[in-house]
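The values are calculated or read from the model by the stated rules, or taken from the named source; none is laboratory data. The structure presented is a predicted model; accordingly, all values stated were derived computationally and were not measured. Don't worry about glycine lacking a Cβ; one is built from the backbone with ideal geometry, like all the others, and counts go over all protein chains shown.
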Amino acid sequence: MKRILFVDDEPLLLEVIEARFAERASCWEMDFSDSGQTALCQMFRKPYDIIVADMRMPQMDGIELLTLVMQRHPNTTRIMLSGQSDRAQTLRLVGTAHQYISKPCNLDELESAIDQALEQRDLLANESLKKLISQLQSLPSIPTLYLELVEELQRDDPSLERMAAIISRDLGMCSKMLQLVNSAFFGLPRKISNTEEAVGYLGIETVRALVLYLHIFSLYERTKLPGFSFERLWQHCWSVGVIARKIAQLEGVSRADTDDLFIAGLLHDVGQLVLVTGVPSSYQIALDRCQQDGLLLHEAESSVFGAGHAEVGAYLLGLWGLPSAIVEGVGWHHYPAAHDAKGLSPANVVHIANWISHQLTPSAGRLHSPLLDEPHLERVGMLAKAHEWKDAIAAQEAEAMQA
């Protein structure tokens, strides 16, 4: 039974929520509170899996409430309900909530957000991971810029011009994005000189993915630990994202699914950054075991923590409310068989893209060279495809270098 606490000073809205979700009473234990103070008292008496709070409440508003929840009950997933008039305040204080839902509240959307949050908690709820997460000083918050782009996408008339204006306000982000867009990976016919052109050529979803990727890596670019290379990880994640995208294109996958695979590839190793920063001394032990015992990195992580960077990355992205396909691709990219992944599922594609990236850059060494799960891929009819994709992508890269 999952426990969910709804907090709003409008009794009518709470009644509507209770009536709408009555059919979930067999699996959800729901409590309702009309103020932040009352909600904190309820949370003191028993733990909750999720709290859903309104932004605007008298005496203690949603931001103050969720900030206290974050401090006192860090394992509770926090969802904020906010109206258009709260937009600026919401974006300034984004770290207090894992997900935001616009008011007037679409209850189908709220139900979906709760289901996804619970699904991610169940998927990743092993005791070793919980222990590991509890050791981390903090988890990064979802970038404000990303949320603004999502908000623009949700408008009835999303505009490339407005999207470009949002990105252009962050000069560092804008510069890095244009550098990537003009790289050989995208193979655009001419040099792109401004953000609006980049959005037009690549599409809004691809640009949104780049914003997420660039933001996360910018948080950790000064990270230093013997045996860990930030630059190598940056280049590898970019490579895996691009290869996953190429696989999707070779197979004629839909644009939406291609975008998910691209993002999952870009972020598949984000958990490494979180661990290197959050538990550096313990992570150094894992790096040393790779060298001393000949272990692959995720094997060494599991030997030290009982969980690894894939699970931590999936946990973070699940908290951020990213689509389950992306979380799957990140969380199971080393062990797709454990997820019973079939066909062109994100777990399989990112697993194969990761392998192809290492095959095409073998100098990275054993520490960074995971194996292809051949028995699993053979069982699901993907092994031959994996080798076909590697050859095709290698040929594309060779042709691009000669051009």
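The figures follow:
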| read-out | value |
| --- | --- |
| The range 170-197: number of residues that are among the hydroxyl-bearing types (Ser, Thr, Tyr), within 23 Å of Val240 (Cα to Cα) and either modelled with pLDDT of 75 or more or not in a loop (DSSP other than H, G, I, E, B) (or both) | 1 |
| Of residues in the range 35-56 being part of a loop (DSSP other than H, G, I, E, B) and crowded, with 18+ Cβ neighbours inside 10 Å, the one nearest to the chain's Cα centre (by Cα) | Asp49 |
| Scope the range 329-346; condition touching a residue at least 24 places away in the same chain (Cβ under 8 Å), assigned to a helix (DSSP H, G or I) and under 20 Å from Ser302 (Cα atoms); matching residues | Gly329, Val330, Gly331, Pro336, Ala337 |
| Close pairs (7 angstrom Cβ cut-off, 6 or more residues apart or separate chains): in contact (Cβ under 8 Å) with a residue 24 or more places away in the chain in the range 96-107, of a type in the set (Ser, Thr, Tyr) and crowded, with 18+ Cβ neighbours inside 10 Å anywhere | His98/Thr77; Tyr100/Ser82; Tyr100/Thr90; Ser102/Ser82; Lys103/Ser82 |
| Condition met for His368 (surrounded by 14 or more Cβ atoms within 10 Å (Cβ to Cβ), modelled with pLDDT of 85 or more and not hydroxyl-bearing (Ser, Thr, Tyr)) | no |
| Considering residues of the range 249-303 that are assigned to a loop (DSSP other than H, G, I, E, B) and in contact (Cβ under 8 Å) with a residue 40 or more places away in the chain only, the residue surrounded by the most Cβ atoms within 10 Å (Cβ to Cβ) | His268 |
| Test result for Ala198, surrounded by 14 or more Cβ atoms within 10 Å (Cβ to Cβ), over 25 Å from Pro280 (Cβ atoms) and either within 20 Å of the chain's Cα centre (by Cα) or acidic (Asp, Glu) (or both) | no |
| Qualifying residue in the range 3-16 (condition: more than 20 Å from Met60 (Cβ to Cβ), of a type outside the set (A, V, I, L, M) and in a strand (DSSP E or B)) | yes |
| Helices (runs of 4 or more DSSP H) (entirely within the range 67-157) containing at least 1 residues that are modelled with pLDDT under 70 and buried (at least 16 other Cβ atoms within 10 Å of the Cβ) | 87-92, 107-123, 127-135 |
| The listed residue being buried (at least 23 other Cβ atoms within 10 Å of the Cβ), assigned to a helix (DSSP H, G or I), aliphatic (A, V, I, L, M) and out of contact with any His (no Cβ under 9 Å at 6 or more places or on another chain), out of Leu317, Leu322 | Leu317 |
| Of all residues making up the range 14-34, the number that are over 29 Å from the mean Cα position of the chain (by Cα) and among the hydrophobic types (A, V, I, L, M, F, W, C) | 6 |
| Unique match (being surrounded by fewer than 23 Cβ atoms within 10 Å (Cβ to Cβ) and either basic (Lys, Arg) or under 16 Å from Gln272 (Cβ atoms) (or both)) among His358, His339, His333 | His358 |
| Meets criteria (in a helix (DSSP H, G or I), in contact (Cβ under 8 Å) with a residue 24 or more places away in the chain, over 24 Å from Gly329 (Cα atoms) and small (Gly, Ala, Ser)) for Gly200 | yes |
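Each row is one residue, and each column tells you yes or no for (1) modelled with pLDDT of 90 or more; (2) in contact with a His (Cβ under 9 Å, 6 or more places away or on another chain).
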position: His339; (1), (2): no, no
position: Lys342; (1), (2): no, no
position: His351; (1), (2): yes, yes
position: Ile356; (1), (2): yes, no
position: Leu360; (1), (2): no, no
position: Asp373; (1), (2): yes, yes
position: Lys390; (1), (2): yes, no
position: Ala398; (1), (2): no, no
position: Met401; (1), (2): no, no
